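Peer 1: Have a look at the structure that comes next, please.
Laboratory data are not the source of any read-out in this text; all were calculated from the coordinates shown. This structure is a prediction, so every number in the text was calculated from the model and none was measured. Cβ sites come from the backbone with ideal geometry, for glycine too, and all protein chains shown count toward neighbours.
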Amino acid sequence: MKLLSISKLLLALLLASLTFGCGGGGGGGDGSSTGTSADPAPSTVNSLTSTQVYDILNNDFDRGYYPEEIVYRWETPIWVYTAGDPEFETAVQKFEALTGGLVTFQIVDTFEELQAHGYGIAASIGTAVDWDGSPHPGNVSYVPGSPNSLFGYLTTGELDGISYVNLGAEGVDDSTVGWFPSAVAEHELGHALLGGGSHIENFNGDEGISGELLALVDTYYSTPIGTPLSQIVPVLP
Ligand SMILES: [Zn+2]
């Protein structure tokens, strides 16, 4: 077991949550439930250039999340606590299926198990807040219920600590906001997998796992942790 102490964690500093308070409202969707009831297959992505991949990673670097221009991601299998949330469970299953084994999860039954492990991703239900503190469909944070998007990491590039996927808030049901019920959960889990807050076209807030998001996740998880960003080769789903 990896022994963790807070001194081992280098916390990425938050620069304003410029684009992290996502999941509805802004971006490509209008926040209304206009999508189909069935989960759509991700759109086909015909091209994702190394420049595009570099740009989104470098954007997180520029925003102060990370000190070096290398790939920061989770070791797999990624330990995850779903809190029994059906939308989050769907998101987990879809990422595992759609990445064809690149992203695998070790699901634990209780949050305490994840805490004892020390690092991974936890769903936190009803704690999503926008950057101004108002209720929100979804966001990712290093502390549950915080608008601040922080990621713990080791200098070698492994993401570390617990990343919280906050879903829903008082008066805001994340399952009714996106294009389909699990869309917001998929988007926020996408951020947690990528360890960053940047967006690209078709990875904006409430569209679920798009071809673009899947291509980014596939690219990250077929690239060794710590690889210099300049050496990343995009992988298309
Ligand atoms: Zn987002």
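Peer 1: Scan the range 134-148 and report the pairs whose first residue is within 19 Å of L159 (Cα to Cα) and whose second residue is aliphatic (A, V, I, L, M) and within 13 Å of the ligand (Cβ to nearest atom), with Cβ atoms within less than 7 Å and a gap of 6+ or a chain change.
Peer 2: Listed by first residue and then by second, the contacts come to N139/A128; V140/V165; V140/A192.
Peer 1: Does any residue of the range 66-83 turn out to be within 20 Å of A183 (Cβ to Cβ) and outside any strand (DSSP E or B)?
Peer 2: yes
Peer 1: Still on this model: For L154, only one of the following conditions fails: (1) touching a helix residue (DSSP H, G or I) at 6+ places or on another chain (Cβ under 8 Å); (2) among the aliphatic types (A, V, I, L, M); (3) within 16 Å of the ligand (Cβ to nearest atom). What is its number?
Peer 2: (3)
Peer 1: OK, next. Where residues in the range 220-237 are assigned to a loop (DSSP other than H, G, I, E, B) and of a type in the set (A, V, I, L, M, F, W, C), which of them is nearest to V165 (Cα to Cα)? Steps first, answer last, please.
Peer 2: First, pick out the residues of the range 220-237 that are assigned to a loop (DSSP other than H, G, I, E, B): 222-227, 232-237.
From the residues that got through so far, the ones that are of a type in the set (A, V, I, L, M, F, W, C) too are 225, 232-233, 235-236.
Working: I225: 22, I232: 27, V233: 28, V235: 25, L236: 26 Å.
This residue is I225.
Peer 1: For the range 187-211, name all the residues that are buried (at least 23 other Cβ atoms within 10 Å of the Cβ), part of a loop (DSSP other than H, G, I, E, B) and of a type in the set (G, A, S).
Peer 2: Once the filter is applied, which keeps residues that are buried (at least 23 other Cβ atoms within 10 Å of the Cβ), part of a loop (DSSP other than H, G, I, E, B) and of a type in the set (G, A, S), the range 187-211 yields G195, G196, G197, G205, G208, S210.
Peer 1: Follow-up. Would you mind finding the one in V184, V217, V165 that is within 12 Å of the ligand (Cβ to nearest atom), of a type in the set (V, I, T) and assigned to a helix (DSSP H, G or I)?
Peer 2: Being within 12 Å of the ligand (Cβ to nearest atom), of a type in the set (V, I, T) and assigned to a helix (DSSP H, G or I) holds for just one of V184, V217, V165, which is V184.
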